[in-house]
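What follows is a single structure, written as structure tokens, with notes after it.
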Amino acid sequence: MNADVLTFQDMILALERYWAAQGCTVMQPYDSEVGAGTFHTATTLRSLGPAAWRTCYPQPCRRPADGRYGENPNRMQHYYQFQVILKPCPPDSQDLYLGSLAAIGLDPAKHDVRFVEDDWESPTLGAWGLGWEVWLDGMEVTQYTYFQQVGGIEVDPVPVEITYGLERIAMYIQGVDSVYDLIWSYLPDGTPMTYGDVFLENEREFSAYNFEVADVEMMRAKFDDYEAECHRCLDAKLPLPAYDCVMKCSHAFNLLDSRGAISATERANYILRVRTVAKACCEAYLELVAARSESKEGEVA
Amino acid sequence: MAETRDFLLEIGTEEMPSAPLMNAQKQLGTIIERGMAETGLAHGAIRTLSTPRRLAVIVEACATATDEVHDVKRGPAAQIAFDADGAPTKAALGFARKCGVDAAALVRRVDTDGREYVFAEKTIPSAPALPLLSALSERTIASLEWPNYRSQRWGSEHAGFVRPIRWICALLGSEVVPVSYADVTSGSTTRGHRVLAPGDHAVPEASCYERVLEDAFVLGEKRRAEVIRAGIAAIEQERGGAHVDTPKRIFDEVVNLCEWPSVLVGTFDEQFLAVPHEIICESMLSNQRYFPVYAADGSLTREFVVVSNAAPGTEATVVDGNERVVRARLYDAKFFYDEDLRVPLDEYVERLSVVTFQEKLGTMRAKVSRMETLAGAVAELAGTDAETHREAVRAAHLAKGDLVSQAVVEFTNQQGVMGGYYAAAAGEPAAVCQAIREHYRPRFAGDELPEGIVGKAVAIADKLDTICGIFAIDEAPTGSSDPYAVRRATIGVISMLKELPSVSLAALIDTALASYADQGLAFDSADVAGKVRAFFAGRLAAIAKDEGIAADIIDAISAIGIIDPAEFLARARALADARANSPELFEDLSTAYTRAAHLGDASLGTDCDASLMTEPETALLAAIEHGRGAVADRLEAKDFAGAFTALAELREPIDRFFVEVLVMDEDTRVKENRLRLLNRFSGIFADVADIGCLSKK
């Protein structure tokens with residue numbers, strides 16, 4: 001590999017450094033299973049209320065049904081997103097984004113970059129926004145969304161969410177056709193450590209777990225338990241732990257889905273249950289935290 | 001006459017989606033044209049221009065000020081306008097108020113008719129254009145609509161637009177027209193192509209807007225379409241008669257995904273041509289907005305056309321990137337397709353037992369069994385030979401199998417198409433493969449029907465099964481809700497049955513419902529069958545109306561419960577023709593029928609005693625007897641025109657009967673005999689049309 005081509009970890013570091021320079025608080029992944037970077041409290045909950053907020057973080061995402069036992073070069077049940085939130089969205093967010101591509105070696109002047117309409121809706125989060133998927137020479141590399149509603153609540157000011165598909169971009173930069181051939185880092189002697197070295201076994205085992213082993217009854221019970229726990233937390237006016245329970249419910253649901261244990265109607269019902277608790281958490285967070293910080297600001301002024 | 005300058009309003013945005021953009025550009029021209037008229041500013045031609053990042057309108061030769069207007073209005077006659085003391089009357093005060101002048105300023109003058117009137121004279125001074133154009137511009141931006149889409153907010157702003165507005169260039173000549181919207185204030189700069197000429201570009205004069213754009217590597221939509229068409233034409237020519245497929249919707253999108261297009265050609269590996277071409281083309285057109293290239297002989301080639309928005313000199317990188325994307329997609333598609341081929345289609349059908357068709361109606365596998373019965377019934381009623389019958393049942397068995405194949409899970413639009421390939425690979429007869437392929441048709445109004453009887457049988461079975469099932473669980477479509485697209489399915493069944501006159505819809509409905517009952521679904525068969533028939537009758541009436549058949553004729557045929565589409569339409573047309581030929585006759589016949597049906601008492605039956613009859617009655621009886629035979633013969637022969645002619649012959653004897661015979665005779669025996677005769681008369685119509693509908697105006 002060409003020496004100036006970034007490794008997987010250098011790419012993450014470069015994005016962190018770039019966005020840190022734009023005033024983003026560099027955060028770490030949410031420490032629970034999530035289906036997308038959007039679920040992180042730093043995105044979902046911080047989108048609510050009037051306070052300004054800029055953050056960036058990588059987020060491993062788990063989509064149990066997308067497992068392919070490590071046999072598909074493009075698809076995994078565990079992969080990385082890099083998430084940026086700018087709230088309120090600044091007038092030059094697209095230029096900042098193009099700058100970030102340059103920062104990882106993809107000079108927009110040397111490629112064909114397009115913003116192609118792709119609006120976003122998350123039924124489980126009661127959220128939607130308008131935006132694009134960004135194409136780089138025809139490849140979808142980023143999801144770019146102006147949130148309009150989160151947890152059924154109109155967001156004001158409007159945050160912009162920029163979500164990079166890290167593996168896909170890295171495959172393009174490094175010119176490899178299989179995700180497992182990506183170079184993650186180099187050992188001191190120059191031996192490459194590949195994505196496969198790091199995650200292939202993980203894909204094999206978790207694909208088997210997700211499709212064949214995960215205990216359906218336990219997952220159903222887990223969903224019910226965490227749903228109840230979520231309500232208890234909300235009763236105790238603790239929206240953050242309550243929201244943590246929503247993540248657990250969501251992951252239990254995803255596993256039930258990958259086990260093929262959910263009928264179409266049950267599916268709709270489970271999604272509705274997740275949305276209900278997610279919305280309740282958003283409302284509680286807005287009331288107890290986000291709006292409270294607004295009145296504090298008011299007092300200071 | 002004031003001086004004139006060109007007026008420019010450019011709304012600069014982040015990338016707007018294609019369809020709403022095209023719609024907004026149309027609105028923009030109309031709104032500005034109407035708005036200019038309201039300002040009273042003289043102006044020349046109006047033109048609009050769009051790119052994904054801007055919507056612009058240029059009004060040529062816009063006056064820099066409105067003309068001064070001297071407005072004279074004549075009011076009431078002077079003698080009414082002033083009282084004896086010379087003070088203005090209510091009439092004068094009202095007139096002055098209406099004209100917006102002081103009553104004291106009213107002028108008395110003799111008009112051309114020699115009478116004296118009061119006049120209100122007002123001079124509206126010339127108004128400068130800038131404030132008028134400012135207001136017009138702000139109103140215009142706010143009033144653009146986004147049908148079938150939505151607008152968004154951005155930053156801390158509450159105003160909406162389809163995507164965030166980032167700049168506004170508004171000029172009258174070289175002077176900035178002040179315009180504010182959300183957090184943006186107008187200036188005299190536009191923005192160039194994102195990478196070829198980034199940043200602000202001064203527009204010195206509204207009239208040179210397009211030139212500034214072009215210098216900044218931005219072309220309007222018409223120019224971009226021309227460049228792309230020319231590029232494609234050159235590619236076709238270089239390849240000696242090749243054809244590049246550019247479906248309109250995709251072409252429009254491609255035009256609206258660039259500001260400075262370059263047309264490039266990419267290639268995919270030979271091996272992928274083994275993948276069904278529908279998948280290759282869907283993947284290229286819908287997912288990537290590439291245009292497939294067909295050779296002169298019509299065969300799909302390995303090449304595709306991609307339109308780039310990048311800088312000249314990047315072609316190799318851009319083509320390479322796009323080829324990698326298509327390789328990854330086609331690799332997946334080929335992998336799925338090859339994997340799918342390892343599993344027999346019959347095996348997929350069995351896997352449908354874990355796929356829900358509808359919560360209360362069970363699995364797709366159960367639906368397949370019902371479809372087999374129903375497709376067999378269609379073939380049988382259509383009078384096909386034993387082999388075709390077998391093929392219909394076989395195709396119905398296999399039709400849904402591909403739903404659980406990996407290729408269809410990935411490329412949902414190819415349902416049916418893939419099943420056709422899998423069936424062909426398994427050596428199924430050509431008619432079966434084609435039927436599987438086409439059984440989702442017609443997918444929309446005016447869509448092609450499945451070509452052969454086997455395909456029609458499966459398509460009817462699929463749709464009618466859904467319709468009957470949904471009615472059986474009492475979830476019939478309502479005005480606002482039709483989640484299972486029952487209406488569309490119904491119209492589809494009707495359009496296919498129009499071509500299969502011998503197939504009885506009522507019989508098929510009973511068969512479909514019987515299959516559900518056999519599978520254990522509990523419902524009231526007779527009741528549901530009636531509702532399904534009524535639903536079909538409603539759709540059929542709507543279709544007949546669309547074909548220009550009069551409402552009373554549709555009622556006349558509907559009233560006797562005809563729901564077989566071919567027969568319904570044939571009868572309606574025959575009745576319409578018969579009436580058109582002799583309108584009075586049918587008017588009379590209808591009146592007589594209505595009278596007979598009104599007087600008649602069904603409980604008396606139709607056995608009349610000829611010995612009690614007077615001559616007009618025996619004449620009517622003879623005509624009825626003759627007519628009944630004739631009508632039955634004609635109906636048997638499906639000669640509806642003949643049946644109406646036979647009915648028409650009853651007009652004279654029935655008219656005579658009503659003129660010469662008093663039905664309500666004092667002698668009950670005579671009276672009842674006459675009523676029986678009328679019953680007998682009405683009875684003939686029962687199988688043809690409710691002729692009484694024709695006189696209900």
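Annotations for the structure displayed:
- Taking a quarter of the surface of the Cα convex hull of the stretch B:565-695 gives a mean projected area of 7.7 nm².
- Integer Hz, Karplus 6.51/-1.76/1.60 couplings in order for the stretch B:546-557, x for Gly and Pro: 4, 7, x, 8, 5, 4, 5, 5, 4, 4, 4, 7
- Top of A:37, A:129, A:260 by mean-square fluctuation, Gaussian network on chain A, Cα under 10 Å: A:260
- Modelled FRET efficiency - R0 51 Å, residue A:5 with residue B:215, Cβ distances, 0.05 increments: 0.90
- Amide H within-cut-off set for residue A:53, under 5 Å, with H built and near neighbours excluded: A:87
- The label point for residue B:443 and the one for residue B:533, both projected 7 Å from the Cα toward the Cβ, are 3.5 nm apart.
- Annotation: amide H of residue A:80 within the under-5 Å range of A:61, A:166, A:167, sequence separation 5 or more or interchain, hydrogens built in the peptide plane.
- Cβ crowding within 10 Å, taken as a proxy for footprinting-reagent exposure, orders B:380, B:238, B:391, B:226 from fewest neighbours to most as B:238, B:226, B:380, B:391.
- Mean-position separation - Cα centroids, the stretch B:631-697 and the stretch B:362-407, in angstrom: 46
- Label-to-label distance, nm, for residues given as residue B:320 and residue B:185 (7 Å Cα→Cβ offset): 4.8
- Between residue B:122 and residue B:499, the simple spin-label model (points 7 angstrom out along Cα→Cβ) gives 6.8 nm.
- Once the C-beta distance of residue B:299 and residue B:38 is scaled by a Förster radius of 51 Å, the resulting FRET efficiency is 0.30 to the nearest 0.05.
- Averaging the sequence gap over all C-alpha pairs within less than 8 Å and six or more residues apart, then dividing by the number of residues, gives chain B a relative contact order of 7 percent.
- Rounded to 0.05, the FRET efficiency of the residue B:200 and residue B:135 pair, given R0 = 22 Å and the Cβ-Cβ distance, is 0.30.
- Dipole magnitude for the stretch B:452-603: about 340 debye, using +1 per Lys or Arg Cβ and -1 per Asp or Glu Cβ, origin at the Cα centre.
- Using all pairs of distinct alpha-carbon atoms, the Kirkwood hydrodynamic radius of the protein assembly as shown works out to 35.0 angstrom.
- A simple rule links phi to the HN-Hα coupling: the Karplus curve 6.51 cos²θ - 1.76 cosθ + 1.60 with θ = phi - 60°, which for the stretch A:180-185 gives 6, 8, 4, 8, 7, 6 Hz, with x for Gly and Pro.
- Label zone at residue A:263, where the point sits 7 Å out along the Cα-to-Cβ direction: the stretch A:200-234 residues whose backbone N lies under 19 Å: A:216-217, A:220-221
- Computed helical MRE - 222 nm, chain B, DSSP H runs ≥ 4 contributing -39500 (n - 2.57), nearest 500: -16000 deg cm²/dmol
- Relative intensity of the stretch A:157-301 on a log10 scale, I(q)/I(0) at q = 0.16, 0.17 Å⁻¹, equals -0.99, -1.01, per a Debye sum over C-alpha point scatterers of equal strength in the absence of solvent.
- Length-normalised contact order for the stretch B:422-570 - Cα pairs under 8 Å, 6+ apart - percent: 21
- For chain A, radius of gyration divided by Kirkwood radius, i.e. Rg to Rh on alpha-carbons: 0.98
- A cut-off of 5 Å between modelled amide H atoms, ignoring neighbours fewer than 5 places along the same chain, links residue A:156 with A:49.
- The slack in the chain from residue B:555 to residue B:633, taken as 0.36 nm per residue of separation less the alpha-carbon distance, amounts to 25.7 nm.
- Computed 3J(HN,Hα) for the stretch B:122-127, one whole-Hz value per residue from the Karplus formula 6.51 cos²θ - 1.76 cosθ + 1.60 where θ = phi - 60°, is 9, 10, 8, x, 4, 10, glycine and proline marked x.
- Normalised by the number of residues in chain A, the mean separation of alpha-carbon contacts (under 8 Å, six or more apart) gives a relative contact order of 21 percent.
- From the Kirkwood radius over Cα pairs of the stretch B:356-546, Stokes-Einstein at 20 °C and 1.002 mPa s returns a whole-number translational diffusion coefficient of 129 µm²/s.
- The reciprocal of the average 1/r between distinct C-alpha atoms defines the Kirkwood hydrodynamic radius, which for chain B equals 32.8 Å.
- Cβ-based net charge around residue B:386, under 15 Å, with every Lys or Arg adding one and every Asp or Glu removing one: -2
- Segment residue B:660..residue B:355, full-extension length gain: 102.6 nm, with 0.36 nm per residue of separation and the alpha-carbon distance subtracted.
- Footprinting exposure proxy ranking of B:693, B:468, fewest other C-beta atoms within 10 angstrom first, gives B:693, B:468.
None of the figures in this text is laboratory data; all of them are computed from the coordinates on show. Note that this is a predicted model, so its numbers are computed, not measured. Heads up, the Cβs are rebuilt from the backbone with ideal geometry, glycines too, and the neighbour counts pull from every protein chain shown.
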